[in-house]
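Presented below is the structure to which this report refers.
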Amino acid sequence: MRSTTPENETEKTVGKGAAKTIGVGIIGSGKIALANHVPGVGLCANARITALCDSNPQLLKEAGTHVPGAALCPDFHELLRRDDVQAVIISTPNFLHAEIALAAIAAGKHVLCEKPIAMNLAESRHMYQAAEAAKVRHMAAFTYRFVPAMRYMHHLVTDGAIGRPYHFRANRFQDWGDRGLGWRQTRKLAGTGEMGDMLSHRIDYGHLLIGPIQRLAADWRIFVPHRGGKPADVDDWIAILARFKHDVSGVLESSKLTTGRGEGAGSQDYCEVNGEAGSLVFYLQKPLELLRGKKGGASLETVPVPREFQTWPGSPRDPADGDPLVTFRWDQDVEFITAISEDRPCRPSFREGCQVQAVMDTAAAAAEEGLWLDVPQVD
């Protein structure tokens, strides 16, 4: 299928020079695509969404109303054949990620994939190696790296503000009760439950702030074996006890059954790092501030996030405009498009996706075997 894009729409002015518009195809046109990726690509002057794909006709039709003029493709192969698609965003159920990503890479498309990027480490390595060999840009959608407070926390830790780190801990507590989760409650479609859905982001927090996890022990449970009247065979609670590089300790926990805590951005998303000179505390609910403790202090003080950390480099977004619990998510698409334009690696890439998958695979094995296990390292 040939692109029908008019010639006067194929180039736009970007900064001081001119560049061809990057055509973006979104595969999987549900809630995440509409909430995060459509407005995110919309921030990019040198990109536009040229095609949408979903196997559900109703979802595809609804998505089309949000992106007038985009081609509607019921099959991802059809989208990948389009000449007006140079990059794809994959927001499908997890079991389809690797198949679609590898097909996109083979077609020479740049790829942004929702997390977890694959069902296991072997799949994620294949994706990473294929993308590197094809010299296409590749990105894992660890959205919460783009929270201003997390960006500032990373800066402070790497700048030595807390000295040598001792402890890392993170948790995600929500109350989803026994409601149905669709494909996310089925192992053959999702791979894991709470671990892949929510704890994967917190694992990435640890990698971003501290470095690779080297050894771990884990436990998980299925407390609610039926959701929405259908079987649920994935974890709804997961905990990891970790040892990072440089002997930093780690505790990570995530649950869908912390009764009374609610859902979404209003529920607890917490991360803390303690070091020899101080501590830093992050709450997602406060995306524009951190809590900071200093050696010898008796309490934590609130520290506002400086303006330069409130948006991703190159993002035209005004941090004062809109809900800060929502708008930071759009910056990940800015990073994807900018990396393509500048022909440089995306941050985070499939490499970071592989690193998280290595921890998840090891945690699953450790939980089943009741052992401390070494985590495979990803080069």
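Results, tabulated for the structure shown:
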read-out	value
Exposed-site-free run, longest, the chain (rule: GluC sites (Glu not before Pro); DSSP loop; at most 14 other C-beta within 10 Å)	1-262
Coarse-grained scattering of the stretch 38-187 at q = 0.13, 0.15, 0.19 Å⁻¹, given as base-10 log I(q)/I(0) from a Debye sum over alpha-carbon atoms	-0.78, -0.98, -1.28
The chain - Cys residues lacking any other Cys C-beta under 4.7 Å	C44, C113, C271, C346, C354
Neighbour net charge for G278 - beta-carbon separation under 15 angstrom, K R +1, D E -1	0
10 Å Cβ shell holding at most 14 others, DSSP loop, chymotrypsin sites (Phe, Trp or Tyr not before Pro): longest site-free stretch of the chain	1-222
Residue-count net charge about D379 - beta-carbon cut-off 12 Å; Lys, Arg +1, Asp, Glu -1	+1
The stretch 133-203: radius of gyration and largest Cα-Cα distance (Dmax), Å	16.7, 45
Theoretical ellipticity at 222 nm over the chain - DSSP helices of four or more residues, -39500 (n - 2.57) apiece, nearest 500	-8000 deg cm²/dmol
Unsatisfied cross-links (Cα-Cα over 20 Å) in the set K61/K188; K115/K286; K61/K109; K188/K230	K61/K188; K115/K286; K61/K109
Cα-based convex hull volume of the stretch 144-183 per residue, rounded to whole Å³	124
Neighbourhood net charge (12 Å Cβ-Cβ; Lys/Arg +1, Asp/Glu -1) for L208	+2
Accessible area in the full protein assembly, largest first, 1.4 Å probe, for R145, R317	R145, R317
Positive-end residue of Y128, A106, A87, charge dipole of the stretch 63-138 with Cβ unit charges	Y128
Percent RCO, i.e. relative contact order, over the chain, from Cα pairs under 8 Å lying at least 6 residues apart	18
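The values are calculated or read from the model by the stated rules, or taken from the named source; none is laboratory data. Computed from a predicted model, the values in this text were never measured in an experiment. When we count neighbours, we look across all protein chains shown, and the Cβ atoms used for this are built from the backbone with ideal geometry, even at glycine. Side chains are part of the model used for accessible areas, which takes the heavy atoms of the whole protein and leaves out ligands, DNA and RNA. Shrake-Rupley method; radii C 1.70, N 1.55, O 1.52, S 1.80 Å.
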